[in-house]
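Values in this text are rule-based calculations from the coordinates and carry no lab data. Predicted model only: the values in this text are computed from it and were never measured. A quick note on method: Cβ atoms are made from the backbone with ideal geometry, for glycine too, and the neighbour counts reach across all protein chains shown.
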Amino acid sequence: MKSSFPPVTKSINKRGATEYHIEVDPAWDGFDSLVRYLQKHWQAEVTESSDGVYSRRWVLRVSGVPITVHHDSQIGNFFLREDGGSDESLLEKIADDLEQRLK
């Protein structure tokens, strides 16, 4: 049965940043898949990584833009800019590409 939910959803966090949530695979392994996707299709390079028991936070650099990828056992997997930059155009392109690939 095909889900009626979109594969990528957006929300605004309490700091005002847009979060792009990957709804199709919210598990720990989904985080790894998202990082591999960014590395393969967007030439992302991991610049920071931190893995906890129930959460992960990695920062990847894509075309000079730092993108933070999170896994939270309660929330799932999502990415955003945490560097204070307001240009979301690269993240929008990534989200659009993911939408097309995950349909």
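Non-local lysine pairs in the chain, meaning eight or more places apart or on different chains, with alpha-carbon distances under 24 Å, amount to 9. Would you work out which of 80, 69, 8 lies farthest towards the positive end of the dipole of the chain? Charges go on Cβ: Lys and Arg +1, Asp and Glu -1. The one lying farthest along the dipole's positive direction is 8. Of the trypsin sites (Lys or Arg not before Pro) found in segment 1-49, those in coil by DSSP whose Cβ has at most 12 other Cβ atoms within 10 Å are 2, 14, 15. For the chain, the fraction of C-alpha pairs farther apart than 20 angstrom is 33 percent.
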